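The values are calculated or read from the model by the stated rules, or taken from the named source; none is laboratory data. Source: prediction; values computed, not measured. Quick reminder, even Gly has a Cβ in these numbers, built from the backbone with ideal geometry, and neighbours come from all protein chains shown.
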Amino acid sequence: MEYSRLAQAYETIESTSGSIDKTTLLAEVLKEAGPSEVDKVIALTMGKLFPDWKGEPELGIAEKMAVQVVASASSVPEKQVRDMLHKYGDIGAVAEELLGKSVQSTLFSDEITVERVFDVLYSVAKATGQGSSKTKVSLLVGLLSESQPIEAKYILRTVTGDLRLGIGNMGLLDALAIAFTGDKEARADLERAFNLSSDLGYVARLLANEGLDAVRNVHVEVGRPIRMMAAKKLSNPQEIMTKVGGRALVEYKYDGERMQVHKRGEEIAIFSRRQERISSQYPDVVEYVSKFVRADECVIEGECVAIDPGTGEMRPFQELMRRRRKTDIKEMTKEVPVSLFFFDVLYIDGRDVTNLPMLERRSILEKIIERSQHTHLTTGEVTDDPERLEAIFMTALDTGHEGVIAKAIHKDSIYQAGSRSWLWIKLKASYTEGLSDSVDLVIVGAFHGRGKRTGVYGTILASAYDEDTDTFPTVCKIGTGFTDEILDELKRRLDPLVLETRDPKVISDLEADVWFEPKLVIEVLGDEITVSPTHPAGREQMREGGLAIRFPRFTGRFRDDKDPRQATTVADLIDLFEQQRGIS
């Protein structure tokens, strides 16, 4: 497939407003792609050449380097490119205009294929070490010299992560279903395969080459992370018990980092919630799994909790995150030792057990986890009494835990990879005040501090994630919950993310003093969710307007374990808003 065909499709999709129409247009392109190209079309459209868990280098090109590339390719000064970028807010549009005026572009551009673009971008991503910046610039300039202006536009947008199509993972799955089966009916099969394989390109390639039956046969594999199941949130024990079917396994909620552990013999891989491979950061966890997990092959999930080396008591999540930020791993294992609390098994010795009921999976887990100083099962109890659920909740709080999770135990209480369902429901300490739960938001902008806050960011602008459009619409401004230390920490974390113009994925009616790349996730509490004329989150779905969090405050917890696309979603906010109004 010629890349110009894909670029033209991107142009049409971008200017199309309806999600159904966008999906149909993308499906047409996927139909035209050859079986060996489908996964590459998907990767380029996602702006991510490979899933995080594969450990391949990141593609992301910083704004400064993108400016150098466009200046060199179009033979103009970098200042001119920067000025145009400030005016347009889109490095792709700048490249398109400048290369459109270039005589060289007109005379010497040649047809380039999707495969050629993918291969060059992969070479760019792999360039590391001394002189790598020059190599990256040279490779991209070479690719742009072969490109038509519209191709240059989308190549630059792809490498900077700003494709602007308004299509998320679910839209891509719909497009694949339409392209290769004729309608969206197969979407559920594709989504299941994606949730179990964590690789949309792989699912696309399998569908294009072997058909839907092959996709339906995708199963859990050791070494390939499964997209983690998540819990819904409610504040009323009686309602929780009703939602889970009358009886539940009530487990303590631990204040740690969720881990998915894959074991095959002595080969052990640990994946984070973000699906990053973190085994090297937790050599002690690898050792504990090797010693105390009695299975040759398994995939299990648990919570890794920091332990005070002096008292043996559990320490907060932020203590554990110190280990993720330090390079002296051996020293940090002594400073911040950990314990593991396992709560689920997804695969055991050749058998995918995700479709077994919860208590059957728990029984398997009990047989393969040897209890030790460092390895445990989560504390749990089966009950059908809402009052007992509340009592367990209070005991959990009294013993330093976050709260509890009530898990359904009926015959259909399977492990729903990649979904947030009523099979698991969280009851946390924050439910006792204001919002029925904390939310995880992405910082996208800030306003300069005044008075005592001069020199730091006095107020921050935060967004939820819209899964349908792959955007970050704002939901609140936060100016409380900041100590001097937190303000300094915020500045340290946010300064490397500063952008000259608003990221196109950020949807905002407000004009911030400073815009950031949407990467940093924080935990926020508030009094309630209200309808807002100012914030656009949920505006497309709600008749009254967008949704905002009233009196938001930062808890002090940076969610380093979460990717921005794992932040609280617009759909989550709508659920919480409807719970407030008694609709759910």
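Quick notes on this one:
- Residues of the stretch 247-303 classified as among the hydrophobic types (A, V, I, L, M, F, W, C) and in a loop (DSSP other than H, G, I, E, B), total: 2
- Failed item in (1) among the small types (Gly, Ala, Ser); (2) part of a helix (DSSP H, G or I); (3) modelled with pLDDT under 95, with SER147 passing the rest: (2)
- The residue that is nearest to the chain's Cα centre (by Cα), counting only those in the stretch 108-144 that are outside any loop (DSSP other than H, G, I, E, B) and of a type in the set (Ser, Thr, Tyr), is TYR122.
- Single unsatisfied condition, ASP575 versus (1) part of a strand (DSSP E or B); (2) under 17 Å from ASP466 (Cβ atoms): (1)
- Selection status of SER74, hydroxyl-bearing (Ser, Thr, Tyr), crowded, with 19+ Cβ neighbours inside 10 Å and over 30 Å from ALA33 (Cα atoms): yes
- Residue pairs whose Cβ atoms lie under 7 Å apart, sitting 6 or more positions apart in sequence or on different chains, and linking a residue in the stretch 480-500 that is of a type outside the set (A, V, I, L, M, F, W, C) to a partner that is assigned to a loop (DSSP other than H, G, I, E, B), are ASP488/VAL456; LYS491/VAL456; ARG493/LEU520.
- Yes/no for ASP90 being under 26 Å from the mean Cα position of the chain (by Cα), charged (D, E, K, R), crowded, with 16+ Cβ neighbours inside 10 Å and over 29 Å from ARG227 (Cβ atoms): yes
- Selection of the stretch 38-62 for residues being surrounded by 17 or more Cβ atoms within 10 Å (Cβ to Cβ) and assigned to a helix (DSSP H, G or I) yields VAL38, ASP39, LYS40, VAL41, ILE42, ALA43, LEU44, THR45, MET46, ASP52, TRP53.
- Condition check for GLY449: outside the structural domain of THR242 (by TED's automatic domain parsing), at pLDDT below 90 and touching a Lys or Arg at 6+ places or on another chain (Cβ under 8 Å): no
- Criterion (of a type in the set (A, V, I, L, M, F, W, C), under 29 Å from ASP296 (Cβ atoms) and modelled with pLDDT of 95 or more) met by exactly one of ILE226, ILE278: ILE226
- Residue, farthest from PHE558 (Cα to Cα), within the stretch 487-501, restricted to residues that are of a type outside the set (D, E, K, R) and either in a loop (DSSP other than H, G, I, E, B) or modelled with pLDDT of 90 or more (or both): THR501
- Per-region count, the stretch 522-552, residues small (Gly, Ala, Ser) and more than 25 Å from LEU494 (Cβ to Cβ): 2
- Residue check for LEU427: among the hydrophobic types (A, V, I, L, M, F, W, C), farther than 24 Å from GLY246 by Cβ and in contact with a helix residue (DSSP H, G or I) (Cβ under 6 Å, 6 or more places away or on another chain): no
- For the residues LEU172, LEU163, the requirement of being in contact (Cβ under 8 Å) with a residue 40 or more places away in the chain and part of a loop (DSSP other than H, G, I, E, B) singles out LEU163.
Conditions (1) among the hydrophobic types (A, V, I, L, M, F, W, C); (2) touching a residue at least 12 places away in the same chain (Cβ under 8 Å), marked per residue:
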{"residue": "THR16", "(1), (2)": "no, no"}
{"residue": "SER19", "(1), (2)": "no, yes"}
{"residue": "LYS40", "(1), (2)": "no, yes"}
{"residue": "GLY47", "(1), (2)": "no, yes"}
{"residue": "TRP53", "(1), (2)": "yes, yes"}
{"residue": "ILE61", "(1), (2)": "yes, yes"}
{"residue": "LYS64", "(1), (2)": "no, no"}
{"residue": "SER75", "(1), (2)": "no, yes"}
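- Among residues of the stretch 278-335, those that are over 26 Å from ARG557 (Cβ atoms) and among the acidic types (Asp, Glu), counted: 3
- So SER280, is it in contact with a Lys or Arg (Cβ under 8 Å, 6 or more places away or on another chain) and hydroxyl-bearing (Ser, Thr, Tyr): no
- Residue selected from the stretch 150-202 under the condition within 19 Å of PRO504 (Cα to Cα) and basic (Lys, Arg), by the criterion modelled with the lowest pLDDT: ARG164
- Within the stretch 222-246, the residues that satisfy the criterion of being charged (D, E, K, R) and crowded, with 17+ Cβ neighbours inside 10 Å are ARG224, ARG227, LYS232, LYS233, LYS243.
- Members of the stretch 502-528 that are outside any strand (DSSP E or B) and surrounded by fewer than 15 Cβ atoms within 10 Å (Cβ to Cβ): ASP509, LEU510, GLU511, ASP513, ASP527
- Failed item in (1) over 27 Å from the mean Cα position of the chain (by Cα); (2) surrounded by 21 or more Cβ atoms within 10 Å (Cβ to Cβ); (3) modelled with pLDDT of 95 or more, with LYS411 passing the rest: (2)
- For the stretch 539-583, a residue qualifies if it is of a type in the set (Gly, Ala, Ser) and either surrounded by 15 or more Cβ atoms within 10 Å (Cβ to Cβ) or touching a residue at least 60 places away in the same chain (Cβ under 8 Å) (or both), and the qualifying residues are GLY545, GLY546, ALA548, GLY556, ALA567, ALA571.
- Strands (runs of 3 or more DSSP E) lying entirely in the stretch 329-386 (those with 3 or more residues that are in the same structural domain as LYS407 (by TED's automatic domain parsing), crowded, with 20+ Cβ neighbours inside 10 Å and of a type in the set (Val, Ile, Thr)): 338-348
- Flag for VAL531 being over 22 Å from the mean Cα position of the chain (by Cα) and on the phi < 0 side of the Ramachandran plot: yes
- Flag for ARG315 being without any contact (Cβ under 8 Å) to a residue 24 or more places away in the chain, surrounded by 13 or more Cβ atoms within 10 Å (Cβ to Cβ) and closer than 23 Å to GLU251 by Cα: yes
- Among the residues of the stretch 26-37, the ones that are surrounded by 18 or more Cβ atoms within 10 Å (Cβ to Cβ) and either at pLDDT below 90 or not in a loop (DSSP other than H, G, I, E, B) (or both) come to 4 in all.
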